[in-house]
């Protein structure tokens with residue numbers, strides 16, 4: 001069976017096409033496009049018209065790819081942006097009317113569980129999935145022992161505090177750190193960890209970008225990124241570098257995806273606050289995300 005999973009996130013839309021392969025899966029396509037659906041969402045509470053148009057257009061392009069690849073089963077899911085936006089139903093209806101596609105909105109709990117399943121680390125771990133609008137924190141061993149989704153995402157912090165058109169002031173940067181820290185501390189309180197001495201695994205575009213920059217990659221290489229150890233010192237270095245630049249200037253950094261440059265500082269703020277909160281030496285980066293976990297479920301007939 002050839003299947004596809006669409007992950008319609010607050011910042012990026014992702015398409016994974018795969019088929020079953022001896023109990024596992026063979027990836028045929030893994031596409032990511034920065035759509036910025038959540039532009040202005042933190043300020044207005046709803047999706048902007050231009051952002052919704054971009055979303056519908058990208059979904060249409062993804063469907064064309066699925067048709068060209070003879071996809072037999074398709075699952076499309078929406079995450080935090082759809083859960084938060086006051087006009088989320090309007091976008092869902094537009095996608096249904098113009099693309100003939102039903103999008104299922106997953107809960108923060110399910111989003112966290114999928115991130116845990118996809119993580120690069122096994123055994124006892126805490127998974128951090130920094131998205132555009134939220135961050136998932138998931139603790140577990142063989143299974144999940146606690147999961148929480150907090151409103152601190154790379155795009156949200158950018159919209160609220162870190163205007164990429166200018167180098168951020170010290171006050172703006174500190175405000176972003178305070179917001180991220182408060183959200184993570186609140187999330188940690190809900191997890192009820194026995195202690196904070198737990199390995200960290202990072203999932204999502206923020207962490208894969210941090211790893212790509214650390215490696216100085218000319219083009220994204222998931223095999224080199226997956227399992228990469230991002231040290232606290234390297235994270236501090238990149239955070240300081242991003243904070244001294246505008247979004248446009250960050251585009252020239254080796255390893256930086258040009259369309260992620262605007263929100264790179266927002267993501268680095270959250271990642272750094274998480275490492276400080278757990279007094280960790282660093283984070284193991286996962287190139288897999290919730291779309292991979294959903295695909296595994298789909299191929300097993302579990303969704």
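Please treat every number below as a calculation from the coordinates, not as lab data. Here the structure is a predicted model, which means the values were calculated and not measured. Note that we place each Cβ from the backbone using ideal geometry, even for glycine, and neighbour counts take in every protein chain shown.
How far, in nm, would the chain grow between residue 43 and residue 223 when pulled straight, counting 0.36 nm per residue and subtracting the alpha carbon separation?
Additional length available on full extension: 61.1 nm.
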Dividing the Cα convex hull volume of the chain by residue count, how many Å³ per residue is that?
121
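In what order do 6, 1, 52 fall by count of nearby beta-carbon atoms within 10 Å, going from fewest to most?
Values: 6 24, 1 11, 52 20.
Lowest count first: 1, 52, 6.
Given the -39500 (n - 2.57) contribution per DSSP H run of 4+ residues, what per-residue ellipticity at 222 nm results for the chain, rounded to the nearest 500 deg cm²/dmol?
So the helix-based figure for the chain works out to -13500 deg cm²/dmol.
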Contact order relative to length for the chain, counting C-alpha pairs under 8 Å separated by 6 or more residues, stands in percent at 20
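Compute the length gained on full extension between residue 90 and residue 142: take 0.36 nm times their separation in residues and subtract their Cα-Cα distance, giving the result in nm to one decimal. Before the final figure, lay out each step's value.
Working: separation 52, 0.36 × 52 = 18.72 nm, distance 3.94 nm.
Roughly 14.8 nm would be gained on extension.
Is the range 1-107 rounded, prolate or oblate when judged by the Cα gyration tensor, a ≥ b ≥ c being the square roots of its eigenvalues, rounded requiring a/c under 1.5 and prolate requiring a/b larger than b/c?
Values: a/c = 2.25, a/b = 1.97, b/c = 1.14.
Verdict is prolate for the range 1-107.
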Taking a ≥ b ≥ c as the square roots of the Cα gyration tensor eigenvalues, with a/c under 1.5 meaning rounded and otherwise prolate when a/b beats b/c, else oblate, which class fits the range 109-286?
oblate
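Taking other Cβ within 10 Å of each residue's Cβ, how do 99, 201 sort, fewest first?
On the way: 99 17, 201 24.
In order of increasing Cβ crowding within 10 Å: 99, 201.
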Let me know the shape class of the range 208-294, please: from the alpha-carbon gyration tensor, a ≥ b ≥ c as square roots of the eigenvalues, rounded when a/c is under 1.5, otherwise prolate if a/b is greater than b/c, or oblate.
oblate
Normalised by the residues of the range 115-185, what does the relative contact order come to in percent, with Cα pairs under 8 Å and at least six apart?
22
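For each of 119, 231, count neighbouring Cβ atoms within 10 Å of the residue's Cβ, then give the residues from fewest to most. Display every interim value, and only then the final one.
Values: 119 24, 231 14.
Taking fewest neighbouring Cβ atoms as first place, the list is 231, 119.
Tell me, what is the FRET efficiency for residue 174 and residue 53 to the nearest 0.05, using R0 = 30 angstrom and their Cβ-Cβ distance as r? Walk me through the numbers on the way to the answer.
Values: r = 35 Å, r/R0 = 1.18.
Efficiency, from the Cβ-Cβ distance: 0.25.
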Taking 7 Å along the Cα-to-C-beta vector as the label spot, tell me the residue 165-residue 300 distance in nanometres, rounded to one decimal.
4.9
Looking at the chain as a GNM with Cα springs under 10 Å, which of 147, 55, 68 has the largest mean-square fluctuation?
68
Quick calc: nm separation of the 7 Å Cα→Cβ label points for residue 124 and residue 73 -> 3.6
Report the calculated FRET efficiency for residue 22 and residue 195 (r = Cβ-Cβ distance, R0 = 35 Å), to the nearest 0.05.
0.30
Post the alpha-carbon centroid distance, the range 202-218 to the range 48-101, in whole angstrom.
27
